[in-house]
Every structure is written in C-alpha cells, then in structure tokens.
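J.: Before I ask anything, let me first share the structure, which is written out below as structure tokens.
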Amino acid sequence: MLDFALSVECNPCKENWVLIFHATSGDGESVLNAWKARDNKCDIVSGICPCSISNGCLPPKAKLETFKPTTKTLRSPFKDYWDCLNINKVKFELNVQGDTVAFIEFD
C-alpha cells in the first residue's frame, strides 16, 4: 500500500508538524476531489469543528504517526484556512506499508 501525507510546521523554534492531508492508493477515492472539498461545518477560528475520521476529516493538531495505518483519505479543515496560518515549512511524505520511504521539506 502506498500513501502520502502533507504536513505543515507553524512554529519555527521546534519541529511541530501538523497533518493536513493523508491519501492512500487503492481506496477508490479521488485524491483531487478530497483536496478540493471544503468542510463548511468546521470553523477553526471559533473552535466549532465537528470533525471525525469516519467522515474523512482530520481532527485539529493531528499527527501523521496516528493515521499511518489508515486506508482512508483524510483532510484537515486547516487546509481551508491556509492563508491565515503562520506556516513556516511544508513536508510532503511518501509512505509504503506505514514506513516513510521519502519526503520533501520546503518553505
């Protein structure tokens, strides 16, 4: 199984990666559609965010290590607020059977 994850780092003083998107090959879901989808029920500013993995939503402050074994495409509502976040770095990670085999980090 092949999957990829996109994480962001918002604190330059320490590595504090937050998972924004997780997609897995062979799950029958469109990665592009999942990336473009917007969760209109979630407002990270007010803190009102009925987010659950069962509906494909990553809870706030999710860590990749928690979701590596999942076969579901997951999208964080933080993606909808990309311009408001104080992002310092982004990491794109490629995993095979739960193990990271490659990653790209950029600012």
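J.: Where residues in segment 5-60 are farther than 19 Å from GLU93 by Cβ and charged (D, E, K, R), which of them is modelled with the highest pLDDT?
T.: So, considering only residues that are farther than 19 Å from GLU93 by Cβ and charged (D, E, K, R), the one modelled with the highest pLDDT is LYS36.
J.: Just to verify a result, which residue in segment 22-34, among those that are in contact (Cβ under 8 Å) with a residue 40 or more places away in the chain, under 15 Å from the mean Cα position of the chain (by Cα) and farther than 11 Å from GLY56 by Cα, is surrounded by the most Cβ atoms within 10 Å (Cβ to Cβ)?
T.: First, pick out the residues of segment 22-34 that are in contact (Cβ under 8 Å) with a residue 40 or more places away in the chain: 22-24, 26-27, 29, 31, 34.
In the following step, the residues that additionally are under 15 Å from the mean Cα position of the chain (by Cα) were identified as 22-24, 31, 34.
With the extra rule that they be farther than 11 Å from GLY56 by Cα, the set shrinks to 24, 31.
Values: THR24: 21, VAL31: 15.
Going through the qualifying residues, I end up with THR24.
J.: OK, next. Which residue is modelled with the highest pLDDT, if the candidates are limited to segment 61-83 and must be under 11 Å from the mean Cα position of the chain (by Cα) and among the aromatic types (Phe, Trp, Tyr)?
T.: My answer is PHE78.
J.: Then there is this: Just one of (1) part of a helix (DSSP H, G or I); (2) modelled with pLDDT of 85 or more; (3) among the small types (Gly, Ala, Ser) trips up ALA102, so point out which.
T.: With (1) part of a helix (DSSP H, G or I); (2) modelled with pLDDT of 85 or more; (3) among the small types (Gly, Ala, Ser) applied to ALA102, the lone miss is (1).
J.: Tally the residues that are without any contact (Cβ under 8 Å) to a residue 40 or more places away in the chain and surrounded by 12 or more Cβ atoms within 10 Å (Cβ to Cβ), restricting the search to segment 70-97.
T.: Going through segment 70-97, the residues without any contact (Cβ under 8 Å) to a residue 40 or more places away in the chain turn out to be 77, 81-84.
Add one more test, that the residue is surrounded by 12 or more Cβ atoms within 10 Å (Cβ to Cβ), and what stays is 77, 81.
Of the residues in that region, 2 qualify.
The values are calculated or read from the model by the stated rules, or taken from the named source; none is laboratory data. This structure is a prediction, so every number in the text was calculated from the model and none was measured. Virtual Cβ from ideal backbone geometry, glycine too; neighbours counted across all protein chains shown.
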